[in-house]
Amino acid sequence: MSEYIVRAGAGVITDVSPESAGWAYSGLLVQDLDGGASVVVELTGDEGGLLPLRGNCTVHVTPPGGETVGVAVAGRDAVWHGPVDFVYLPLGSTVEITAAESGARVAVTRARAERTLPVQVLRAADVPVVLRGAGPCSRQVHNYTIGSRLEVERMLVCEVYTPGGNTSGYPPHKHDVHSENERELEELYYFEVADTPGGPGMAYHRNYGTPERPIDVFAEVRTGDVALVPHGYHGPSMTLPGVDLYYLNVMAGPATDGEWLMVDDPAWAWLRESWEGQPIDPRLPFGAKGADE
């Protein structure tokens, strides 16, 4: 199981590449920056995206053969406070990220690419926000590169809020073959779990396979942990009563059509029909709140 769960580090919270994950396309860097501190990221073979998990930052992007573009990126006090600005980073760019005075935790999402697209900025107010499921399966999704106005080659990015006691990614579903109703996509889950009066919270992640491609993961996850989903059904992501769950998803695969297509585990497909007539959890949506300097 340990090969599919990457535990949180300090400073550099996580740094997953296709090589370290043992796959071909998806990657993610999450790093804490002190006030005014910078990090430089070279996107040699990747397209990328900058998402401030908390705090504000500025980014200077130098595309290959192009002029440097500077962008002020508005974040939030914590991941629970709604969508943030997202900056698309072209293949081959040199990217310098500088935290605001109060510091920042930044995520750089990555996907192997062949096509160089322009720098693009999606402001928080323009991020598509979707409420999915119903009752205890209610969750909130922010679609940064799925169904948004951004053009990408392979990199699909969204984030999900699951209120305490609820499940998400449920029914269990998969996207590991290319077909009319499914896309082959490697997926990363980066988790943050709300604290409790007694200390850090915890949640649970599930990933299981088919007879032809077995995999069996059931793991406790805490803030900063990452789950790797190379194939198979995944879900539910389970949180405990009183403990809200956040996760950032990064997906990529061989297709370049920007489609997120998945199929449910047939044994659990009945669950969607059970939502009929149930209201969305009244704790949703989680409200927007910007980050202070």
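A few comments on the model shown:
- Against the criterion of being more than 25 Å from Leu156 (Cβ to Cβ) and out of contact with any Phe, Trp or Tyr (no Cβ under 7 Å at 6 or more places or on another chain), Thr98 qualifies.
- Beta carbons closer than 9 Å, at least 6 apart along the sequence or on distinct chains, pair a first residue in region 193-209 that is free of Cβ contacts under 8 Å to residues at least 60 places away in the same chain and under 22 Å from His231 (Cβ atoms) with a second that is among the aromatic types (Phe, Trp, Tyr) and open to solvent by 20 Å² or more (accessible area, probe 1.4 Å) for Tyr204/Phe218; Arg206/Phe218; Arg206/Tyr233; Tyr208/Phe218; Tyr208/Tyr233; Gly209/Tyr233.
- Hits in region 57-73 (condition: in contact with a strand residue (DSSP E or B) (Cβ under 8 Å, 6 or more places away or on another chain) and open to solvent by 10 Å² or more (accessible area, probe 1.4 Å)): Thr58, His60, Thr62, Pro63, Thr68, Val69, Gly70, Val71, Ala72
- Taken over region 114-173, residues that are charged (D, E, K, R), touching a residue at least 60 places away in the same chain (Cβ under 8 Å) and not in a loop (DSSP other than H, G, I, E, B) amount to 2.
- Which listed residue, of Val39, Val69, is touching a residue at least 40 places away in the same chain (Cβ under 8 Å), among the aliphatic types (A, V, I, L, M) and under 24 Å from Glu192 (Cα atoms): Val39
- First in region 212-230 and farther than 20 Å from Asp195 by Cβ and open to solvent by 10 Å² or more (accessible area, probe 1.4 Å), second anywhere and polar (S, T, N, Q) and assigned to a strand (DSSP E or B), Cβ under 9 Å, 6 or more apart: Ile215/Asn207; Asp216/Asn207; Phe218/Asn207; Pro230/Asn207
- Within region 86-95, the only residue that satisfies the criterion of being open to solvent by 10 Å² or more (accessible area, probe 1.4 Å), part of a loop (DSSP other than H, G, I, E, B) and over 12 Å from Met155 (Cβ atoms) is Gly92.
- Any hit, region 188-209, residues being open to solvent by 40 Å² or more (accessible area, probe 1.4 Å) and basic (Lys, Arg): yes
- Single condition Arg54 does not satisfy, out of (1) over 20 Å from the mean Cα position of the chain (by Cα); (2) charged (D, E, K, R); (3) buried (at least 16 other Cβ atoms within 10 Å of the Cβ): (1)
- Scanning region 30-48 for residues that are touching an Asp or Glu at 6+ places or on another chain (Cβ under 9 Å) and crowded, with 19+ Cβ neighbours inside 10 Å turns up Val30, Gln31, Val41, Glu47.
- Applying the condition of being in contact with a Phe, Trp or Tyr (Cβ under 6 Å, 6 or more places away or on another chain) and β-branched (Val, Ile, Thr) to region 152-203 and asking which residue is farthest from Pro136 (Cα to Cα) yields Val157.
- A residue that is part of a strand (DSSP E or B), in contact (Cβ under 8 Å) with a residue 60 or more places away in the chain and surrounded by fewer than 21 Cβ atoms within 10 Å (Cβ to Cβ) occurs somewhere in region 254-271.
Every residue, every condition in (1) farther than 28 Å from Val40 by Cβ; (2) open to solvent by 30 Å² or more (accessible area, probe 1.4 Å), yes or no:
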| position | (1), (2) |
| --- | --- |
| Val127 | no, no |
| Val130 | yes, yes |
| Ala134 | yes, no |
| Thr162 | yes, no |
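- For region 256-276, filtering for residues that are farther than 24 Å from Gly147 by Cβ and among the aromatic types (Phe, Trp, Tyr) leaves 2.
The values are calculated or read from the model by the stated rules, or taken from the named source; none is laboratory data. Nothing here was measured: the structure is a model prediction, and the numbers come from that model. Here Cβ is always computed from backbone atoms with ideal geometry, including for glycine, and neighbour counts include all displayed protein chains. Side chains included, ligands, DNA and RNA excluded: accessible areas come from the protein's heavy atoms. Shrake-Rupley method; radii C 1.70, N 1.55, O 1.52, S 1.80 Å.
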